[in-house]
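Every number in this text was worked out from the coordinates using simple rules, so none of it is lab data. Note that the structure is a prediction, hence the values are computed from the model and not measured. Cβ placement follows ideal geometry from the backbone for every residue including glycine, while neighbour counts extend to all protein chains displayed.
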Amino acid sequence: MNYVLIMVHMSISVDINHLYEVLLNEILNNDFTKLDENFFNNIALYFKQNKNNNSSSSTINSVLNQEEKTIILSLIKKLIEIRSRKLFLIPSEKLTLSNLTLEERFLFNQIIKFKQKTETFLKNIEMGNINRLDEMRKKVIKRTVLVKVESDIPPFIGVDLKKYGPLEPEDVAVLPSGNIEPFLNKLSISGGWAEGLENP
């Protein structure tokens, strides 16, 4: 039986021993082990039911319940780390991607894209494709970043040859990433790129 979820009189529990077995199988195999399609959903159901259990249980039961949840989360985290590492390090043709759950396919989609870009990058290095590497550098330099100004910044010409500033504290602006470094002590930077945004 491939279920970690046990339902007894509408009470949901997780078989920790089975979780250990799943993790051990994943460690010992180069390919993905097949998980039940509801594997992660079932564990989420357990946490949903036990979300407020601590308030209605004795101190000892509360501590034991919290310890159990900590162990389960630790095992799940380790399982996901191992499976994501396989996806990045082992050639895709040697992996059975259909053994991934739907949640994992959604989660690992960015890893697959990153892996493909990394392989292309390494191939360009191997082939001595300097022009392609230069193109990559130029694209990053020209990318823009959303920033909030914390100190006065005088007017300057960006790497895109456009004029920026003057900028004052509390201003929000979109600046070329290639111009950010000199002003790092005067800006707070949002996460990610600001593609598609323009200065007001």
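Worth a mention:
- Relative contact order (%) - criterion: Cα under 8 Å, at least six apart; region: the chain: 15
- The order of ILE60, ILE12, ILE90, ILE153, going from fewest to most other C-beta atoms within 10 Å of their C-beta, is ILE60, ILE90, ILE12, ILE153.
- Per-residue Karplus couplings for the range 142-156, computed as 6.51 cos²θ - 1.76 cosθ + 1.60 with θ equal to phi - 60°, are listed in order as 7, 5, 10, 10, 7, 10, 10, 7, 10, 9, 4, 10, x, x, 8 Hz, Gly and Pro entered as x.
- Degrees, to the nearest 10: 102-126 long Cα axis against longest axis of the chain: 40
- In summary, the lysines within cross-link reach of LYS77, defined as a Cα separation below 18 angstrom excluding same-chain residues under 8 places away, comprise LYS34, LYS48, LYS69, LYS86.
- Residue exposure sequence - LYS51, LYS69, LYS34 - by fewest surrounding Cβ within 10 Å: LYS51, LYS34, LYS69
- Cross-link partners for LYS139 among the aspartates and glutamates, with Cα-Cα distance under 13 Å and sequence neighbours closer than 8 places in the same chain left out: ASP160, GLU195.
- Under Stokes-Einstein, with the Kirkwood radius over Cα pairs as Rh, the value for the range 138-189 at 37 °C and 0.692 mPa s is 303 µm²/s.
- Rg over Rh, two decimals, the range 5-100 (C-alpha only, Kirkwood Rh): 1.06
- Length-normalised contact order for the range 5-100 - Cα pairs under 8 Å, 6+ apart - percent: 39
- Compactness index (Cα Rg / 2.2 N^0.38 Å), the chain: 1.51
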